[in-house]
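Visitor: Take a look at this one; I'll ask things after.
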Amino acid sequence: MALAYDGAIQRLIDAFASLPGIGPKGAQRIAFYMLSASDEEAQQLIDAITEVKEKVRFCDVCGNVCETSPCPVCVDPRRDHSVICVVEEPKDVMSIERTREYRGLYHVLGGAINPMANVGPADLNIPKLLERLKTSEVQEVILALDPNIEGEATTTYLSRLLGPLGIKVTKLASGLPVGSDLEYADEITLGRALAGRREA
Ligand SMILES: [Zn+2]
């Protein structure tokens, strides 16, 4: 039998390996790094995780991550409250912000429709979007989902759902790298896709 780590070090390796984007080798490297790190450095990581779990929450209005709900974007009077940009994840809000092309509000769905992973419309933050559209002065909804199959499916679903409400529904112009994630598009390409948006 191959020699395996056991006890605390293996638990730490397993914990890192369960995180997105970290494979078994990376998990092992980080675990051993933490083993040789100073107590202070290890404590900083523990404190950062604890603080995030205690303080950070999801905005009751838009679903983005925040420390106060409603979040600063939702209550900012300098932003254009007549347009909502719908994205999959909080990181997509950052991608759109980096383009400096957009000054409206956001709505974070928390994912995309994906039958293979058993994610349907009921699993997404859609009811709150409908609520917002009924009670606010929104004139346009921009569907800025990932340029992949799940994003396309979600865009189609939402454009059919929102169409009858009489609000302008647009989607990003094509030109983004197909099959990928918004976060991999550079600011200029994403900014152009946003500026060139068309009716969904
Ligand atoms: Zn918000």
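Visitor: Considering only region 1-102, give the helices (runs of 4 or more DSSP H) lying wholly within it that have at least 3 residues that are of a type outside the set (D, E, K, R), touching a residue at least 60 places away in the same chain (Cβ under 8 Å) and out of contact with any helix residue (DSSP H, G or I) (no Cβ under 6 Å at 6 or more places or on another chain).
Guide: It comes to none.
Visitor: So, of the residues in region 49-70 that are near the ligand (Cβ under 6 Å from one of its atoms) and more than 10 Å from P90 (Cβ to Cβ), which turns out to be surrounded by the fewest Cβ atoms within 10 Å (Cβ to Cβ)?
Guide: Per the criteria, the residue is P70.
Visitor: If you go through region 94-103 one residue at a time, do you hit one that is farther than 13 Å from L194 by Cα and more than 13 Å from the ligand (Cβ to nearest atom)?
Guide: Yes: one or more hits.
Visitor: Shifting gears a bit: So for region 83-94 (the condition being under 17 Å from L161 (Cβ atoms) and out of contact with any Phe, Trp or Tyr (no Cβ under 8 Å at 6 or more places or on another chain)), does at least one residue qualify? Quick ask: steps written out before the conclusion?
Guide: From region 83-94, those under 17 Å from L161 (Cβ atoms) are 84-88; that's our starting set.
After this cut, where a residue has to be out of contact with any Phe, Trp or Tyr (no Cβ under 8 Å at 6 or more places or on another chain) as well, the list is 88.
Yes, region 83-94 contains a residue that is under 17 Å from L161 (Cβ atoms) and out of contact with any Phe, Trp or Tyr (no Cβ under 8 Å at 6 or more places or on another chain).
Visitor: On the given criteria, is V138 open to solvent by less than 30 Å² (accessible area, probe 1.4 Å) and not acidic (D, E)?
Guide: Answer is yes for this residue.
Visitor: Let me ask something else. From (1) in contact with a Gly (Cβ under 9 Å, 6 or more places away or on another chain); (2) closer than 25 Å to K171 by Cα; (3) at pLDDT 95 or above, pick out the condition that doesn't hold for V61.
Guide: Every listed condition holds for V61 apart from (1).
Visitor: Return only the number of the condition from (1) surrounded by fewer than 20 Cβ atoms within 10 Å (Cβ to Cβ); (2) among the charged types (D, E, K, R); (3) away from the ligand (no atom under 14 Å from the Cβ) that E131 does not satisfy.
Guide: The number of the failed condition is (3).
Visitor: Please find, within region 71-93, the residue that is nearest to S136 (Cα to Cα) out of those that are within 9 Å of the ligand (Cβ to nearest atom) and open to solvent by 70 Å² or more (accessible area, probe 1.4 Å).
Guide: V75
Visitor: If a residue has to be aromatic (F, W, Y) and either more than 18 Å from the chain's Cα centre (by Cα) or surrounded by 17 or more Cβ atoms within 10 Å (Cβ to Cβ) (or both) to count, how many in region 144-200 make the cut?
Guide: 1
The values are calculated or read from the model by the stated rules, or taken from the named source; none is laboratory data. This is a predicted model, so every value here is computed, not measured. Every residue, glycine among them, receives a Cβ derived from its backbone with ideal geometry; neighbour counts consider all protein chains shown. In case anyone asks, the SASA skips ligands and DNA or RNA and just uses the protein heavy atoms, side chains included. Shrake-Rupley method; radii C 1.70, N 1.55, O 1.52, S 1.80 Å.
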